[in-house]
There are 2 protein chains.
Amino acid sequence: MFIAMNRFRVVRGSERDFEGVWLGRETHLGTVPGFVEFHLLKGPARDDHTLYASHTVWASQGAFEDWTRSEAFRKAHQGAGGNRPLYQGHPEFEGFEVMQTVEP
Amino acid sequence: MFIAMNRFRVVRGSERDFEGVWLGRETHLGTVPGFVEFHLLKGPARDDHTLYASHTVWASQGAFEDWTRSEAFRKAHQGAGGNRPLYQGHPEFEGFEVMQTVEP
């Protein structure tokens, strides 16, 4: 299993606008092969920004990489650059391989 | 839902030892109220470290906070300081509130 996260440092005061963009968007993930689950996450508030993260669980790193080369990916990201002023710098991508799982 | 992550910058060459500590430990999470799922995650390798993260899903932030005050928490963390040389600095904690979920 593989978790793809993008970290966004959202300018203080722009949190609602940022959430609005995400919550109002058309997601094209539901039918993508290997897609397991998506979360939009709100993290800690710092002096000059609030951390948000997109958090997508994939069956494998390969499934994630296939998606990044797909038409569904292109559609999901078209116009994303237009929201740049809501956050500082570029989103920071981190991909994680699941090494161990513990369940109740 | 709430996701508690601790980020560890593991010294290059110590990855196997770090994984061994986690994979060999006694977890006391399974029966904790509000515990949903735990993952040990391996992230990107940088010049001087490899990023790892513990990733625990909780039913709520309150369930997480109750756990941090519990005997199970104390047991899970006893002796953790002894592994300090395997990573740079302190683990960095980030708590995330789940704002949106998309499923297949």
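Screening the range A:18-47 for residues that are aliphatic (A, V, I, L, M) and outside any loop (DSSP other than H, G, I, E, B) and picking the one that is farthest from B:PRO104 (Cα to Cα) gives A:ALA45.
This table checks each residue for (1) in contact (Cβ under 8 Å) with a residue 24 or more places away in the chain; (2) surrounded by 12 or more Cβ atoms within 10 Å (Cβ to Cβ).
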site	(1), (2)
A:VAL36	yes, yes
A:TRP58	yes, yes
A:ALA63	yes, yes
A:PHE93	yes, no
A:GLU97	yes, yes
A:VAL102	no, yes
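Taken over the range A:32-46, residues that are within 25 Å of A:GLY62 (Cβ to Cβ) and either among the small types (Gly, Ala, Ser) or more than 7 Å from chain B (Cβ to nearest Cβ) (or both) amount to 4.
Looking at A:ALA45, A:ALA80, which is the one that is aliphatic (A, V, I, L, M) and modelled with pLDDT under 95? It would help to see each step written out before you state the result.
Values: A:ALA45 fails: modelled with pLDDT under 95.
Unique residue meeting the criteria: A:ALA80.
Scanning the range B:1-25 for residues that are away from chain A (no Cβ under 11 Å) and among the charged types (D, E, K, R) yields B:ARG9, B:ARG12, B:ARG16, B:ASP17. Only a single item in (1) loosely packed, with under 12 Cβ neighbours inside 10 Å; (2) over 27 Å from B:TYR52 (Cα atoms); (3) within 13 Å of chain B (Cβ to nearest Cβ) is not met by A:ARG74, and it is number (3). Taken across the range B:78-97, residues that are over 12 Å from the mean Cα position of the chain (by Cα) and facing chain A (nearest Cβ under 9 Å) do occur, with at least one present.
The values are calculated or read from the model by the stated rules, or taken from the named source; none is laboratory data. Just so it is clear, the model here is predicted, and its values are computed rather than measured. A quick note on method: Cβ atoms are made from the backbone with ideal geometry, for glycine too, and the neighbour counts reach across all protein chains shown.
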